[in-house]
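The values are calculated or read from the model by the stated rules, or taken from the named source; none is laboratory data. It should be emphasised that the depicted structure is a prediction, and the values quoted were computed from it without experimental measurement. Positions of Cβ are generated from backbone atoms using ideal geometry, with glycine treated the same way; all protein chains shown enter the neighbour counts. The area values use the complete protein model at the heavy-atom level, side chains included, leaving out ligands, DNA and RNA. Shrake-Rupley method; radii C 1.70, N 1.55, O 1.52, S 1.80 Å.
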Amino acid sequence: MLKKQVITLGAIVTALGFGAVAPAIHADGVTPQAVTEARYTDGKYQVNTAYLKQGTTTTSTMANYMNAVSDVTIQGSTARLTISAKSSLYAHMITGFSINGVAGVKSGDAWTFTLPTSVLEDTLNGHVDINAIIITESQPVDIKLDMTNLK
C-alpha cells in the first residue's frame, strides 16, 4: 500500500508541473527546447540584398556593382552568405570584403562569409577595399538581407 501511495503522489507532483519530468512552459506557451532550436530551417535560399550607405537607409554606390540577390545556406545556427558581383570586372576591382569583421573568401566573382544565423536579420557592417585604375579606397557599407521568407 505504501508503494501505491508513493506512485500516486509522484503522479500528482508531476501532473502539477513540480516533477523533474514535467516540461517547463513559458507564458507564451513555448517550451525552452523550442526557444533554443535553430531559427531557420536548414537549406539553401536566395535573399534580396540591399547595400546602404553606412548608418542610413540611402542606397550605396556598391548596389551598382553587386547582385541584388545573395545565397544563404543555413546549417543549424551557422549561415554561409555568398554575395556576388554583377561582373568579373566589378569583382576584380574589390580587393577586400568583410562583414561584421569576418573576411570574405573570394571564389570567382563572389565572396562567402560564415556568420551566425542570429545576425542575419540585423544590418550587417560591411567593409570593401576598392582598387580600380584611377580609384583606390576603403569604404564601409551596410548590408541588409531580406530574411522574411525564411522563417
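Please specify each residue of segment 108-131 satisfying the condition of being over 12 Å from the mean Cα position of the chain (by Cα) and over 20 Å from ASN64 (Cα atoms).
Within segment 108-131, none qualify.
Can you tell me which residue is least open to solvent (accessible area, probe 1.4 Å) among those in segment 48-66 that are among the aliphatic types (A, V, I, L, M) and assigned to a strand (DSSP E or B)?
MET66
Any residue that is in contact with a helix residue (DSSP H, G or I) (Cβ under 8 Å, 6 or more places away or on another chain) and acidic (Asp, Glu) - is there at least one of those in segment 134-146?
no
If you scan segment 50-74, which residues turn out to be touching a helix residue (DSSP H, G or I) at 6+ places or on another chain (Cβ under 9 Å) and either over 16 Å from SER107 (Cα atoms) or among the small types (Gly, Ala, Ser) (or both)?
Listed by number, the residues that qualify are ALA50, TYR51, LEU52, LYS53, ASN64, TYR65, ILE74.
Quick one: which of VAL119, VAL69 is aliphatic (A, V, I, L, M), open to solvent by 40 Å² or more (accessible area, probe 1.4 Å), at pLDDT 95 or above and under 22 Å from LYS53 (Cα atoms)?
Sole residue among the options that is aliphatic (A, V, I, L, M), open to solvent by 40 Å² or more (accessible area, probe 1.4 Å), at pLDDT 95 or above and under 22 Å from LYS53 (Cα atoms): VAL69.
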